[in-house]
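Below is one structure, written out as structure tokens; comments come after it.
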Amino acid sequence: MAGGGPAAADDGRDDGGDGDEKGGLRAALSGLTTRGRSFLAAGIAAAVCAYVLGQADLLRVGLLLAVLPLVCVAVLYRTRYRVAASRRLSPSRAATGSEARVHLRMDNVSRLPTGLLMLQDRVPYVLGPRPRFVLDRVEAGGRREVSYRVRSDLRGRYPLGPLQLRLTDPFGMCELTRSFSAYDTLTVIPRVEALPAVRFSGEASGYGDGRNRSLALAGEDDVIPRGYRHGDDLRRVHWRSTARYGELMVRREEQPQRARCTVLLDTRRVAYQGAGPDSAFEWAVSGAASALVHMLERGFSVRLLTDTGNSVPGEGAGGFAGATQETADSAGLMMDTLAVVGHSDGAGLSRSYDVLRGGNEGLLVAFFGDLDDEQAAVAARMRQRSGAAVAFVLDSTTWVRGHEATDAGRPAGEGAAEVEERVRPLREAGWTVLAVPPGTPLADLWRTAERQRTGAGASPAGGAAGTSGGWS
């Protein structure tokens, strides 16, 4: 049931296997409650005694006692195939730490009212307790709607469902459970932090503040003649060129270049220590998501690249998500990728370097884990293939020590000198390098990079600006 469609149709075919006619009556009889079994046993016993003793009145009582639970079974067995349920998520993508609401709707499409109903939805334990709702009698053609909230501090994709519906007859003789087979998926994406707008300078034409420049000198609607093709609008005929070349020529309209931005996420398992929502790796994933959203809002064509060489969305010119109608879909695809991204088994950044070596990559924003001398040299060479580059380096050892120091009441931030020495090749190659202390907001580091570029001084991030460089 992707997208919150109906969980089942009213013909009973989407019931997770409970709707098979073979053995259906046996399953219905197994739903008899203690009261129903007692009535059935008492009725049979009374009928046998009436036959032996020859008492007609006792036989009528026995038949009544025996038939009542069987009638309840038949009615309930038929009713459950006339009950439909649906689920809707609002929203279908929720950030870590935020709540999403799940709306359940139950429709009685039969001509008979239902008895007591209990709705139960299956939910992973990380989203909260399993919700249960008790509904009173639902009239024929009636509808009931309920909702519950889910919340997760861990990103990922979590299945919701299947929905279970327990029906009970008014006399309490029988209780049947219907399990719908359809389910939805809730995507918990990384937390996105709002970033301040900074000006990019010193970049190649078509990037940063120059992204609206045209390829030619005459402006966005540039007059570059080409030969007439069947189907061209006659209003685009350029008569001066037609007279010059002796054939029909039309104007070729060139579109302005769009700024490009590649967000590189280092996912190597050897580059991070620790786990959990407050780990260095989760900060890097959240930082990459924030950078992607920020650059898309600024009008950049953006793509997500990992150390494995995988590029998302991977379609269009160079795999970038442009400013088309599919931009929202591409952004959703990148956020879905970050929702489930995990550690890679690779030990190097060579695959991502191979993707970037083609050049003309525009702005490069990278989130690195631990870098040894070899990987720092590979990362330094990436700068030669991009217009501008900024790196956020997370030393996982510093993060682990920082959390331990915070728990012990000591100041965090030790080991910054070691990180500074490791990233020296990046600074020498022209990167803007920022060491990330534990728990530092990305917005503060974003401003620090701008201050470094303009030479305005250090950032209030408290030790995060121990490097030099600029956006270009």
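The values are calculated or read from the model by the stated rules, or taken from the named source; none is laboratory data. Nothing here was measured: the structure is a model prediction, and the numbers come from that model. Cβ atoms come from the backbone with ideal geometry, glycine included; neighbour counts cover every protein chain shown. Just the protein is used for accessible areas: all its heavy atoms, side chains included, with ligands, DNA and RNA removed. Shrake-Rupley method; radii C 1.70, N 1.55, O 1.52, S 1.80 Å.
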May I ask you to verify whether PRO170 is out of contact with any strand residue (DSSP E or B) (no Cβ under 7 Å at 6 or more places or on another chain) and either over 28 Å from LEU68 (Cα atoms) or open to solvent by 60 Å² or more (accessible area, probe 1.4 Å) (or both)? yes
Go through ARG80, ARG87 for me and flag whichever is at pLDDT below 95, surrounded by 17 or more Cβ atoms within 10 Å (Cβ to Cβ) and not in a helix (DSSP H, G or I). ARG87
Residue in segment 347-388 that is modelled with the lowest pLDDT, counting only those that are assigned to a helix (DSSP H, G or I) and among the β-branched types (Val, Ile, Thr): VAL355
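Would you be able to say whether some residue in segment 95-107 is free of Cβ contacts under 8 Å to residues at least 40 places away in the same chain, surrounded by 15 or more Cβ atoms within 10 Å (Cβ to Cβ), part of a loop (DSSP other than H, G, I, E, B) and in contact with a strand residue (DSSP E or B) (Cβ under 7 Å, 6 or more places away or on another chain)?
Quick first cut of segment 95-107, residues free of Cβ contacts under 8 Å to residues at least 40 places away in the same chain only: none.
Within segment 95-107, not a single residue is free of Cβ contacts under 8 Å to residues at least 40 places away in the same chain, surrounded by 15 or more Cβ atoms within 10 Å (Cβ to Cβ), part of a loop (DSSP other than H, G, I, E, B) and in contact with a strand residue (DSSP E or B) (Cβ under 7 Å, 6 or more places away or on another chain).
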For GLU145, state whether it is more than 30 Å from VAL341 (Cβ to Cβ), out of contact with any Lys or Arg (no Cβ under 8 Å at 6 or more places or on another chain) and surrounded by fewer than 14 Cβ atoms within 10 Å (Cβ to Cβ). no
How do the pairs read when you match residues in segment 413-438 that are assigned to a helix (DSSP H, G or I) with residues anywhere that are open to solvent by 30 Å² or more (accessible area, probe 1.4 Å) and modelled with pLDDT of 90 or more, using Cβ under 6 Å and keeping only pairs 6 or more apart or on different chains? PRO425/ALA377
Any chance LEU167 is in contact (Cβ under 8 Å) with a residue 12 or more places away in the chain and within 22 Å of SER92 (Cα to Cα): no
Of everything in segment 29-68 that's touching a Cys at 6+ places or on another chain (Cβ under 7 Å) and in a helix (DSSP H, G or I), which residue is most open to solvent (accessible area, probe 1.4 Å)? LEU58
Give me the residue from segment 108-127 that is surrounded by 14 or more Cβ atoms within 10 Å (Cβ to Cβ) and at pLDDT 90 or above and, out of that set, farthest from ILE189 (Cα to Cα). LEU119
Considering residues of segment 249-281 that are modelled with pLDDT under 90 and not in a loop (DSSP other than H, G, I, E, B) only, the residue surrounded by the most Cβ atoms within 10 Å (Cβ to Cβ): CYS261
Checked pairs for segment 343-366, first over 17 Å from PHE392 (Cα atoms) and among the aliphatic types (A, V, I, L, M), second assigned to a helix (DSSP H, G or I) and modelled with pLDDT of 85 or more, C-beta under 6 Å and 6 or more apart or across chains, list as ALA347/VAL270; LEU356/MET382
So which residues in segment 256-305 are over 19 Å from VAL355 (Cβ atoms) and without any contact (Cβ under 8 Å) to a residue 60 or more places away in the chain, if there are any at all? PRO256, GLN257, ALA275, GLY276, LEU296, GLU297
